[in-house]
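Throughout, read-outs are computed from the coordinates displayed, never taken from laboratory work. These figures come from a predicted structure and were not determined experimentally. Cβ coordinates were reconstructed from backbone atoms using ideal geometry, including for glycine residues, and neighbour counts include every protein chain displayed.
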C-alpha cells in the first residue's frame, strides 16, 4: 500500500467532506506534481472517478483512497496524518522517499 492514512487524518477528512458537502462515494485522490520549492508537491483532493489501469484503490478508516501508479513510485510508504497544536494545524505527509523537504512540508525531492 503506497499511502497510509491515520485515524486522525480520516476523522478530519470526514469532517471536511461533511462541512463541504462532498458527494457521497467520492474518493480521496493523492498524488504528486512537479513544482514547489523542492521539486515535487503533494496533491490531494476529492474525486468521483478512478481508472483501474492507471490507479491503485484502497479503503482506510472508511475513506476510499486513489493513488495513480506514477505517484505511487514516490509515495510508497508515505503516511498522511492530521496535526493540531497551538502553533500549527493541518495535514502532514511523512514520506520515507523524500531526500529533502521544504520548510512548510508541502513539497519534496526524491
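Among 59-66, 19-26, how do they line up from the highest to the lowest mean number of other beta-carbon atoms within 10 Å?
Details: 59-66: 16.6, 19-26: 9.9.
Per-residue Cβ counts within 10 Å, averaged per peptide and sorted highest first, yield 59-66, 19-26.
For labels at residue 41 and residue 17 in the simple 7 Å Cα→Cβ model, what's the distance in nm?
Modelled inter-label distance: 2.6 nm.
Going by average Cβ density within 10 Å per residue, which order do the peptides 84-91, 50-57, 2-9 take, highest to lowest?
Details: 84-91: 9.4, 50-57: 11.9, 2-9: 18.4.
Listed from highest to lowest mean packing, they are 2-9, 50-57, 84-91.
Multiplying the sequence separation of residue 94 and residue 69 by 0.36 nm and subtracting their Cα-Cα distance, what value in nm do you get?
On the way: separation 25, 0.36 × 25 = 9.00 nm, distance 1.88 nm.
The residue 94-residue 69 span can extend by a further 7.1 nm.
For the pair residue 79 and residue 57, what calculated FRET efficiency results from E = 1/(1 + (r/R0)^6), where r is the Cβ-Cβ distance and R0 = 25 Å, to the nearest 0.05? Could you put the intermediate results ahead of the total?
Values: r = 18 Å, r/R0 = 0.73.
So, using R0 = 25 Å, E works out to roughly 0.85.
Could you put 15, 29 in order, starting from the residue whose Cβ has the fewest other Cβ atoms within 10 Å?
Numbers: 15 11, 29 20.
Listed from fewest to most nearby Cβ atoms, that is 15, 29.
Antiparallel versus total DSSP beta bridges in the chain: what percent is that, nearest 5?
Bridges in the chain that DSSP calls antiparallel: roughly 80 percent.
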